[in-house]
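The values are calculated or read from the model by the stated rules, or taken from the named source; none is laboratory data. Fair warning: this is a prediction, and the values are worked out from it, not measured in the lab. When we count neighbours, we look across all protein chains shown, and the Cβ atoms used for this are built from the backbone with ideal geometry, even at glycine. For the accessible areas, the whole protein counts, side chains as well, though only heavy atoms, and no ligand, DNA or RNA atoms are used. Shrake-Rupley method; radii C 1.70, N 1.55, O 1.52, S 1.80 Å.
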Amino acid sequence: MTQITPQPGIMEIALYEGGASHVAGIANAVKLSSNENPFGPSDKARDAYAKAVYDLHRYPSSDHSSLRTAIAKVHHLDPKRIICGAGSDEVIAFLCQAYAGPGTEVIHTEHGFAMYRISALAAGATPVEVPERERVTDVDAILEAVTDTTRLVFIANPNNPTGTMIGEGEVARLAEALPPHVLLVLDGAYAEYVEGYDGGASLVDRRENVIMTRTFSKLYGLGGLRIGWGYGPSHVIDVLNRVRGPFNLGTPALAAAEVAVLDTDWADKCRTDNTRLRAWLAEALAEHGVPSDTSTANFILARFARQSQAEACDEHLKSEGIIVRRVGGYKLPHCLRITVGDEASCRRVAHAIGKFMGAVG
Ligand SMILES: *Cc1c(COP(=O)(O)O)cnc(C)c1O
């Protein structure tokens, strides 16, 4: 019998399930299951990606200096305190690998993003789930859960899959009240969708115990490239860079992301469209008897009376060629997460849900 066994914790990891992208038998299904930008990236980013084909024989930049400079310029940050990863998922993994491990705890919230638990387990640490208050991050509950062995606290603000967010004052209160051995990670995957919000960057600048993570996968429409970044205190960025592989990002990804972040007109257009269509979609669903919390991201968490109703609605949507996300794995079995698509997709999903709700009475 083999004695080849993985490290403790690894076999507790449930495989991450991405949003479905096909419905059997339907050719042009609309995919609203992965919070992707329906318009895709800036045309300039597509061009930069295509041009990078001529450099494929060269190793990519290892310090990501041009991308960090571009990010710093647009977001008014110190480029020396930015780290880039293969999606913000990789930055999350670096954090767990560097700061957590056997005998330590990693806190995430009740309906928090799945990668926090997965990365904590992969590092051998113990994930600790903290209740939310009506699908909103509860700072006091987090503080109560902190122990001597806590190393990291992850909150997404706005959160996925709830779409809710807490105010900057609450986030600052959390950062200030944490004991000195705990690092607060502010996951800002959807920060760009909130007009005027810096994702927590100014808090990072004021403190030594806060890091922010961001991504090009959502508003920037580059999920297929796998590119994200983090902004933190120098001592944390130094640690993460020691864990990071020297060539963790390919040349096409670096080139496209650099141009994408500089194209603020495209980002503004995508944010404005999302805000308008999100409000329209939430109202349309509410009129059909399907409420949702006020979302600050590019999706809506549609709430049904029961799990069976949410599942039946999902089946109905699938039969109409519309793919949304079941969130039972996030302890929200009576909900469906629906990405805000383009106008036609929003109308299509609202119409289909209206038809379903009319039929169930
Ligand atoms: C989508 C998402 C991410 C990251 O995605 P990457 O594609 O790895 O950058 C991180 N956190 C949350 C909450 C997300 O929804």
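Residues that are under 21 Å from Asp273 (Cα atoms) and either open to solvent by 40 Å² or more (accessible area, probe 1.4 Å) or outside the structural domain of Leu277 (by TED's automatic domain parsing) (or both) within the stretch 305-361 comprise Asp342, Glu343, Ala344, Arg347, Arg348, His351, listed in sequence order.
Here's the yes/no breakdown for (1) in contact (Cβ under 8 Å) with a residue 12 or more places away in the chain; (2) aliphatic (A, V, I, L, M); (3) more than 15 Å from Phe154 (Cα to Cα):
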| position | (1), (2), (3) |
| --- | --- |
| Ala201 | yes, yes, yes |
| Val204 | yes, yes, no |
| Asn209 | yes, no, no |
| Tyr220 | yes, no, yes |
| Arg226 | yes, no, yes |
| Pro233 | yes, no, yes |
| Val243 | yes, yes, yes |
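Only one of the listed residues (Trp266, Trp280) is in contact with a Pro (Cβ under 9 Å, 6 or more places away or on another chain), in a helix (DSSP H, G or I) and open to solvent by 60 Å² or more (accessible area, probe 1.4 Å). That residue is Trp266.
Which of the residues belonging to the stretch 77-87 are open to solvent by 10 Å² or more (accessible area, probe 1.4 Å) and within 13 Å of the ligand (Cβ to nearest atom)? Write out each step before concluding.
Residues of the stretch 77-87 open to solvent by 10 Å² or more (accessible area, probe 1.4 Å): 77-81, 86.
If the condition is that a residue be open to solvent by 10 Å² or more (accessible area, probe 1.4 Å) and within 13 Å of the ligand (Cβ to nearest atom), then Ala86 is the only one that fits.
Of all residues in the stretch 325-355, those satisfying the criterion of being among the aliphatic types (A, V, I, L, M) and closer than 17 Å to Phe113 by Cα are Val327, Leu332, Leu336, Ile338. Counting only strands (runs of 3 or more DSSP E) that sit wholly inside the stretch 93-190, those with at least 2 residues that are within 12 Å of the ligand (Cβ to nearest atom) are 105-109, 150-156, 183-187.
Close Cβ contacts (under 8 Å, 6 or more residues apart or on different chains) running from residues in the stretch 165-189 that are under 9 Å from Asn209 (Cα atoms) to residues that are assigned to a loop (DSSP other than H, G, I, E, B) and among the polar types (S, T, N, Q) comprise Ala175/Asn209; Leu178/Asn209; Pro180/Asn209; Val182/Asn209; Leu183/Asn209; Leu184/Asn209.
Would a scan of the stretch 231-242 turn up a residue that is open to solvent by 10 Å² or more (accessible area, probe 1.4 Å) and within 11 Å of the ligand (Cβ to nearest atom)? No, the stretch 231-242 has no match at all.
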